1. If only one of ALA40, ALA61, ALA49 is buried (at least 16 other Cβ atoms within 10 Å of the Cβ) and under 17 Å from LEU120 (Cα atoms), which one is it?
2. Which of the residues spanning segment 72-98 are of a type in the set (A, V, I, L, M) and buried (at least 18 other Cβ atoms within 10 Å of the Cβ)?
3. Any residue at all in segment 32-47 that's over 19 Å from ALA113 (Cβ atoms), assigned to a helix (DSSP H, G or I) and in contact (Cβ under 8 Å) with a residue 24 or more places away in the chain?
4. Please name all residue pairs, on different chains or six or more residues apart, with Cβ atoms under 7 Å, provided the first residue is in segment 1-13 and is closer than 16 Å to GLY29 by Cα and the second residue is charged (D, E, K, R) and modelled with pLDDT under 75.
5. Read through the list (1) under 21 Å from HIS16 (Cβ atoms); (2) without any contact (Cβ under 8 Å) to a residue 60 or more places away in the chain; (3) of a type outside the set (D, E, K, R); (4) in a helix (DSSP H, G or I), then give the number of the only condition that TYR77 fails.
6. In segment 35-68, what residues are charged (D, E, K, R) and under 17 Å from ILE9 (Cβ atoms)?
7. Yes or no: segment 86-95 includes at least one residue that is closer than 13 Å to ILE131 by Cβ and not β-branched (Val, Ile, Thr).
Amino acid sequence: MKPTNEPAIFRWTADHAIGVRHIDEERHGLFILAERTHQAMLEGKGKAALEDLLAQLAGYACQAFAHEEQLMEQVQYPGLQEHRREHEELRAAVGALQDRCAAGEATMTIEVALFLSRWLTRHTGASDRQIRDHMETAAGHLSMTPVSRQEHREVESGYSYSGLSDNLGSDIAA
């Protein structure tokens, strides 16, 4: 996909990181996927890209959420059950969107972009920060070392999520 002159609206920053490299890299991949949706819409290709975008989002939700939930178990995160419920809500919503797309309802690209925007804001901006806060509080009890702010910047500036297909073009710089 050829980048447009429009600025990216889904931008990964170090503020979205929780401090565990593989979790942060996977989460950054979701921002890339969301921005690809936005760019496809701007280029008038949203409808054509929708099925692939939803398939990638469903794959992301299965793999990355499983990793995040394992981390929450490891650090004995007290909000694990509520967080899992939020993940299940996203999985169910993506499944419903896939069903609608498969049934031929292709005028839902804007709806998908708005859904991703709301979910990223609410979940990554609030719920995932609670994991980070818990990890910082419990840091003395962790068997893992959270990544440094410098490593956050490296993830922020140079990450390429290999789990996303190239059908939509190169990664959007976040």
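The values are calculated or read from the model by the stated rules, or taken from the named source; none is laboratory data. This is a predicted model, so every value here is computed, not measured. Using ideal geometry, Cβ is built from the backbone for each residue, glycine included, and neighbour counts are taken over all protein chains shown.
1. ALA61
2. Within segment 72-98, MET72, VAL75, LEU90, VAL94, LEU97 qualify.
3. Initial filter on segment 32-47 (over 19 Å from ALA113 (Cβ atoms)): none.
Looking for residues that are over 19 Å from ALA113 (Cβ atoms), assigned to a helix (DSSP H, G or I) and in contact (Cβ under 8 Å) with a residue 24 or more places away in the chain, one finds none in segment 32-47, hence no.
4. From residues that are closer than 16 Å to GLY29 by Cα, the pairs are TRP12/GLU156; THR13/GLU156.
5. Status for TYR77: all satisfied but (4).
6. Passing the criteria: GLU35, ARG36, GLU43, LYS45.
7. Within segment 86-95, one or more residues are closer than 13 Å to ILE131 by Cβ and not β-branched (Val, Ile, Thr).
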